[in-house]
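The structure under discussion appears below in the form of structure tokens.
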Amino acid sequence: MAAPMLRWCCPGRRFAFAWVGCGSCHRRGPPTGSTSNGKRGQSSVAQQPHFTAQKPREGEHEWAAVVGLEIHAQIASNSKLFSGSQVHFAAPPNSLVSFFDASLPGTLPVLNRRCVEAAVMTGLALDCHINRKSLFDRKHYFYADLPAGYQITQQRLPIAVNGSLAYSVCVGRKPSRMVTRTVRVKQIQLEQDSGKSLHDDLRSQTLIDLNRAGIGLLELVLEPDMSCGEEAATAVRELQLILQALGTSQANMAEGQLRVDANISVHRPGEPLGVRTEVKNLNSARFLAKAIDYEIQRQINELENGGEILNETRSFDNRLGFMPEPNLPPLLLYDSGSLPSGADPQQVINVDQLRERLPELPRVTRERLVRQYGMLPEHSCALLNEVGLLEFFQNVIKETRAEPKKVTSWVLNTFLGFLKQRNLAVSESPVTPSALAELLDLLDRKAISSSAAKQVFEELWRNDGKTPAQIVAEKKLELLQDPEALEQLCRSTLEAHPHVVMDLKRGNARAINKLIGLVRKATLGRADPTAIKEVLERQLSS
Amino acid sequence: MWARAAYLGLRAAARGRWGFTSKADPRGSGRVKGELIQHLERLSLVDFGSQEAVARLEKAIAFADRLRAVNTDAVEPMESVLEDRYLYLRSDSVVEGSCAEELLQNSHRVVEEYFVAPPGNISWSKVDEKQPFSRC
């Protein structure tokens, strides 16, 4: 059921921009045709999902979907939010747990400065208003992996509010254009992570590991400004890149460092919003878009069949179970103008200072790459999409005299292609930036042809410790530098294949390629095809 | 601790949503509706099994309502006795943990260094089946 929707979207690798079919469709008003009840009986599987970029057939209903996200990002810190136990992904069960994390009586929370800085930096990067005073609350619920029976969070007055996250989508086809969409960030709050439970249904018991309990989380609430799975996935991808650039979270979904819950509802354009349902704990980017689209389709089908959308998780007022955290006074933040004099710098957080220290954000980096190196936006997206690739690219640029466009092409096509084929990360590449730079220099100087360069690259990948120059020498891949030798070879080839020459003279333009191929073979691939063509044409016309 | 939170929540909800307010009835004999009881049972895992228990709950609410007799106009609520203190920030270093054995000794049942979770007051089957995956 989800498949038709994704037809219009970019398959495979997801950049921080996407082909979006849905966005362009649902923003239209209600269909101008007569309102129809006639389609009721039709099977909803046969009907096309209307909110894809397809012209609705006359009289068919149109639906708009609305998607909001709640994202939990694990803060990259050495120790936990309120205790000094270690934050680490894999460790023996319950070995990274302090007395406070285990909720033993008499323990108290002590706030980790690094976590506050992470929250402020993330808020600044998302253009939020940073609340100079924020409060901590307890959210009570019973679950085995929450030993205290409550989670310390910031419901009433979070640390950052009212920001926005911009992401790029490609709309339309031939020509397509890049459009920037934004989603409002309602708030960012600090909260504790819970432990992990393993359900043993066989023995009707639950096994609890508290290593994760108390790790600092940033909860980011994104308003329902998105309209389909692809937009949501793109927004999440951009957020991942931002968090990684800031260093506030590694945001690795597979390791549970970034968890997304989606709130989804559908309605007819022009009518009020429908009932929301929640799709929880999405922890893979690929699955995220699919699951959201599936739920949208499910709701549409349900409503078109005369059913009702039931909200199963939030049947009651969610404000129950909150109380202020009595053990923590308000969190106060300062800026350069309001710093208390004589204060211990360790105890004071200066928002202005953090703002100055913000690193370059992905959006700015991409724009800079396009400006500086004349590459297409898709290329800059691709460079940022792979961990370490941008750094690799910049190191090659530094060391080579070749044109940036050549470097871009080699890095994104050849180099990345080799990596993907062998399922390697950039850090595992046997080819260093220097090696590639040297190779590109040889190519730039026209010392070798581009096909020879590819051969050299393959050799380099085998990592025998040889430099490109050495490989070229060994395999005799240098381009024929002696023009006289080339003239000689061309002439002898023409003489040896008179019928091909006749063919060419008779008007078969493609015969020249055969001649070029013959000369190339004679030169053992050491001549540049364009040079060969030039010489042959000159000789033929004389 | 839990009771206090439940109480605060209940009063907030009661005042807001369910129209149950003892301001109208100073003797505090308002009825606590069935839906609310069910919801509270789920949240607190306490079984308000009998009518007697519900009656006791209502009496407890009414008793606490007598706080309203105090005039708190223009007085900011105190949320923490630490309200005049600065919030201490610790540096991000690892100084505790690695005491699994000690912690596990507190648990009645242990399986290979995992705590084994006991069931709640109400058996899991009665609680919403989706509970493990849908937390508010």
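The values are calculated or read from the model by the stated rules, or taken from the named source; none is laboratory data. Predicted, not measured: the structure shown is a model, and the values here were computed from it. Counting neighbours? That spans all protein chains shown, and the Cβs are built from the backbone with ideal geometry, glycine included. Only protein heavy atoms, including side chains, enter the accessible area calculation; ligands, DNA and RNA are left aside. Shrake-Rupley method; radii C 1.70, N 1.55, O 1.52, S 1.80 Å.
The figures follow:
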{"quantity": "Scope segment A:385-421; condition at negative phi and among the small types (Gly, Ala, Ser); matching residues", "calculated": "A:Ala402, A:Ser409, A:Gly417"}
{"quantity": "Exclusive hit being of a type in the set (Asp, Glu) and surrounded by 15 or more Cβ atoms within 10 Å (Cβ to Cβ), set A:Asp344, A:Asp335, A:Asp352", "calculated": "A:Asp335"}
{"quantity": "Residues within segment B:60-87 that are under 30 Å from A:Leu333 (Cβ atoms) and either open to solvent by less than 80 Å² (accessible area, probe 1.4 Å) or in contact with a His (Cβ under 6 Å, 6 or more places away or on another chain) (or both), tallied", "calculated": "4"}
{"quantity": "Residues (open to solvent by less than 30 Å² (accessible area, probe 1.4 Å) and aliphatic (A, V, I, L, M)) located in segment A:185-216", "calculated": "A:Val185, A:Ile188, A:Leu190, A:Leu207, A:Ile208, A:Leu210, A:Ala213, A:Ile215"}
{"quantity": "Residues of segment A:354-374 satisfying the condition of being modelled with pLDDT of 95 or more and part of a helix (DSSP H, G or I)", "calculated": "A:Leu354, A:Arg355, A:Glu356"}
{"quantity": "Hey, B:Glu96 surrounded by 12 or more Cβ atoms within 10 Å (Cβ to Cβ) and either in contact with a strand residue (DSSP E or B) (Cβ under 6 Å, 6 or more places away or on another chain) or over 18 Å from A:Pro329 (Cα atoms) (or both) or not", "calculated": "yes"}
{"quantity": "Some residue of segment A:202-216 being touching a Phe, Trp or Tyr at 6+ places or on another chain (Cβ under 8 Å), among the acidic types (Asp, Glu) and either in a strand (DSSP E or B) or closer than 24 Å to A:Arg363 by Cβ (or both)", "calculated": "yes"}
{"quantity": "Complete set of residues in segment A:85-102 that are surrounded by fewer than 21 Cβ atoms within 10 Å (Cβ to Cβ), within 7 Å of chain B (Cβ to nearest Cβ) and touching a residue at least 12 places away in the same chain (Cβ under 8 Å)", "calculated": "A:Ser95"}
{"quantity": "Those residues of segment A:149-178 which are of a type in the set (Gly, Ala, Ser) and open to solvent by 30 Å² or more (accessible area, probe 1.4 Å), in sequence order", "calculated": "A:Ser164, A:Gly172, A:Ser176"}
{"quantity": "One residue from A:Asn252, A:Asn311, A:Asn301 being free of Cβ contacts under 8 Å to residues at least 12 places away in the same chain and open to solvent by less than 60 Å² (accessible area, probe 1.4 Å)", "calculated": "A:Asn252"}
{"quantity": "Test: residue in segment A:486-503 that is in a helix (DSSP H, G or I), surrounded by 12 or more Cβ atoms within 10 Å (Cβ to Cβ), in contact (Cβ under 8 Å) with a residue 60 or more places away in the chain and small (Gly, Ala, Ser)", "calculated": "no"}
{"quantity": "Residue count, segment A:522-534 (criterion: open to solvent by 100 Å² or more (accessible area, probe 1.4 Å) and within 45 Å of the chain's Cα centre (by Cα))", "calculated": "1"}
{"quantity": "Of all residues making up segment A:426-451, the number that are touching a residue at least 12 places away in the same chain (Cβ under 8 Å) and either out of contact with any Asp or Glu (no Cβ under 8 Å at 6 or more places or on another chain) or open to solvent by 50 Å² or more (accessible area, probe 1.4 Å) (or both)", "calculated": "16"}
{"quantity": "Residues satisfying the stated conditions in segment A:504-517, i.e. assigned to a helix (DSSP H, G or I) and open to solvent by 40 Å² or more (accessible area, probe 1.4 Å)", "calculated": "A:Lys505, A:Asn513, A:Lys514"}
{"quantity": "Some residue of segment B:92-107 being under 25 Å from the mean Cα position of the chain (by Cα) and either closer than 30 Å to A:Ala91 by Cβ or modelled with pLDDT of 90 or more (or both)", "calculated": "yes"}
{"quantity": "Entirely in segment A:111-189, the strands (runs of 3 or more DSSP E) that have 2 or more residues that are among the hydroxyl-bearing types (Ser, Thr, Tyr), away from chain B (no Cβ under 14 Å) and closer than 27 Å to A:Arg363 by Cβ", "calculated": "A:160-171"}
{"quantity": "Residue in segment A:268-283 that is more than 14 Å from every other protein chain (Cβ to nearest Cβ) and under 30 Å from A:Ala91 (Cβ atoms) present", "calculated": "no"}
{"quantity": "Hey, B:Arg90 surrounded by fewer than 16 Cβ atoms within 10 Å (Cβ to Cβ) and within 30 Å of A:Gln347 (Cα to Cα) or not", "calculated": "no"}
{"quantity": "Test for A:Ser380: is it part of a helix (DSSP H, G or I), more than 30 Å from A:Leu108 (Cα to Cα) and among the polar types (S, T, N, Q)", "calculated": "yes"}
{"quantity": "Residue list for segment B:46-72, restricted to those being polar (S, T, N, Q) and not in a loop (DSSP other than H, G, I, E, B)", "calculated": "B:Gln51"}
{"quantity": "Residue within segment B:119-130 that is among the hydroxyl-bearing types (Ser, Thr, Tyr) and either at pLDDT 85 or above or not in a loop (DSSP other than H, G, I, E, B) (or both) present", "calculated": "no"}
{"quantity": "Residue check, A:Pro483 modelled with pLDDT under 80 and loosely packed, with under 14 Cβ neighbours inside 10 Å", "calculated": "yes"}
{"quantity": "Considering residues of segment B:52-99 that are more than 14 Å from every other protein chain (Cβ to nearest Cβ) and β-branched (Val, Ile, Thr) only, the residue nearest to A:Leu135 (Cα to Cα)", "calculated": "B:Val75"}
{"quantity": "Complete set of residues in segment A:339-370 that are within 14 Å of chain B (Cβ to nearest Cβ), over 33 Å from the mean Cα position of the chain (by Cα) and without any contact (Cβ under 8 Å) to a residue 40 or more places away in the chain", "calculated": "A:Leu339, A:Pro340, A:Gly342, A:Ala343, A:Asp344, A:Pro345, A:Gln347, A:Val348"}
{"quantity": "Segment A:262-295, subset open to solvent by 10 Å² or more (accessible area, probe 1.4 Å), within 21 Å of the chain's Cα centre (by Cα) and of a type in the set (D, E, K, R), residue modelled with the lowest pLDDT", "calculated": "A:Arg286"}
